[in-house]
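Novice: Questions regarding the structure given below will be posed in turn.
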Amino acid sequence: MLKTDREIRLRGSRVLLVGLRGLGAEVAKNLILAGVKGLTMLDHELVTEESCRAQFLIPVSNQGQNRAQASLERAQYLNPMVEVKADTDRVETKPDEFFLQFEAVCLTGCSRDLMVRVDQLCVRHNIKVFCGDVFGYHGYMFSDLGQEHNYVEEKPKVVKPKTESNDGPEAKKTKIDPNETTMIKKTACFCSLKLALEVDWTNEKAKSSLKHTPVDYFLLHVLLKFRTDKGRDPHPESFEADAMLLRQIRDDVLEAMGLSSELLPHDFVSYCFSEMAPVCAVVGGVLGQEVVKALSQRDAPHKNFFFFDGMKGSGVVDYFGPK
């Protein structure tokens, strides 16, 4: 059987996945089953009891081992045709050249500074970049496919009426043939992660879009600042202290943006600790699908954020950057 262009592009792609917690495991599963050429799973952290709760690739008996290495056997078993590798280094220590061997890079559990650095580097070399995280009931993904991402979209074929028809006005109307489709070539332009996170909310244009902006966008700023300041994510064992710090960061971050702290309600801290397995499944499904679409250059991509709120059971796609 002849392979389609989509399959050839996907089968020829190597992907770097950073972070093998619950979300990383979902993304790894989806990419391996989709049939990429190779997947490198990079994670320097060790397996803990908490990390096993939403991470199905790691056997419970592997506590204390490296997370990427502990995930390797089950990941490879999903699809023997995919070259799956484990890398136990810290991503921060990797030189620029390391990232250039991949067609796509997916970052989970990373600091804001690292994500911005890798995004800027990879886009200059036409490498697709994806970021994602799950914080309790909340999750997000971001994609930067560069200034010019080409793809094709399948549309129903439009049948034009015959000019010589004399069967009345209905016969002269354009009709859609549900049994035939045609491929439409399109191009999308993406903004960088840095630009998407540095929106000037004092600008009148930005102010006018504030009511349509998901609250999770501002929650992401708070949680990334917490990760930068503490070198970790909020943890249930230190809930009281972490909740207090999260509220302080919320006030500081939103004040710096020129916005009211009431954008994030007082109880937001109750829903952003640890990883919820169902949220990992939803966000990991969307993230994995977006990587596959970008590599195969098939179907319209999300542009550029996807936010999921498990409390509402809904996802929102939103775009930040030049229109």
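The values are calculated or read from the model by the stated rules, or taken from the named source; none is laboratory data. Remember, it's a predicted structure, so these values are computed and weren't measured experimentally. Here the Cβ is made from the backbone with ideal geometry for all residues, glycine too, and neighbour counts use every protein chain on show. The area values use the complete protein model at the heavy-atom level, side chains included, leaving out ligands, DNA and RNA. Shrake-Rupley method; radii C 1.70, N 1.55, O 1.52, S 1.80 Å.
Novice: How much of the accessible area of the range 1-150, probe 1.4 Å, is carbon plus sulfur, in whole percent? Intermediate results must be reported in sequence, preceding the final value.
Specialist: Working: 3320 of 6740 Å².
Taking all protein chains in place, the range 1-150 shows 49 percent carbon and sulfur surface.
Novice: I've got another one for you. What Kirkwood Rh does the chain have if only Cα atoms enter the pairwise 1/r average? Answer in Å.
Specialist: 21.2 Å
Novice: Put +1 on the Cβ of every Lys and Arg and -1 on every Asp and Glu Cβ in the range 1-62; which of Ala25, Cys52, Leu10 then has its Cα farthest towards the positive end of the dipole?
Specialist: Leu10
Novice: List, in the order given, every pair from Lys94/Lys194; Lys94/Lys225; Lys128/Lys211 whose Cα-Cα distance in the structure shown is over 25 Å. Please list the in-between numbers first.
Specialist: On the way: Lys94/Lys194 20 Å; Lys94/Lys225 23 Å; Lys128/Lys211 30 Å.
Violating the 25 Å limit, Cα to Cα: Lys128/Lys211.
Novice: Once the other residues with Cβ under 9 Å from the Cβ of Arg14 are scored (Lys, Arg +1; Asp, Glu -1), what is the net sum?
Specialist: Combined, the nearby Lys, Arg, Asp and Glu give -1.
Novice: Would you work out which of Ala294, Val279, Leu220 lies farthest towards the positive end of the dipole of the chain, given +1 charges on the beta-carbon of Lys and Arg and -1 on that of Asp and Glu, about the Cα centre?
Specialist: Checked the options; the winner is Ala294.
Novice: How much accessible area per residue does the chain have, counting only protein heavy atoms and a probe of 1.4 Å, in square angstrom?
Specialist: Accessible area per residue: 51 Å².
Novice: Return the single residue from Pro80, Pro278, Pro156 with maximal mean-square fluctuation; model: Gaussian network over the chain, springs between Cα atoms under 10 Å.
Specialist: Sorting by GNM fluctuation, first place goes to Pro156.
Novice: Determine the dipole magnitude for the chain: charges of +1 sit on the beta-carbon of Lys and Arg, -1 on that of Asp and Glu, nothing else is charged, the reference point is the Cα centre, and the result goes in debye to the nearest 20.
Specialist: Details: 42 positive and 46 negative charges, 269 e Å.
For the chain, the charge dipole is close to 1300 debye.
Novice: Looking at the range 39-147, which trypsin sites (Lys or Arg not before Pro) are DSSP coil and have at most 16 other C-beta atoms within 10 Å of their C-beta?
Specialist: For trypsin sites (Lys or Arg not before Pro) across the range 39-147 that sit outside H, G, I, E and B with at most 16 neighbouring Cβ atoms in 10 Å, the list reads Arg53, Arg90.
Novice: Can you give the angle from 0 to 90° between the axis of helix 277-296 and the longest principal axis of the chain, with both taken from C-alpha atoms, to the nearest 10?
Specialist: The angle comes out near 50 degrees.
Novice: Which loop GluC sites (Glu not before Pro) in the range 19-111, with loop taken from DSSP, have no more than 14 other Cβ atoms within 10 angstrom of their Cβ?
Specialist: Of the GluC sites (Glu not before Pro), the ones in loops of the range 19-111 whose Cβ has at most 14 other Cβ atoms within 10 Å are Glu49.
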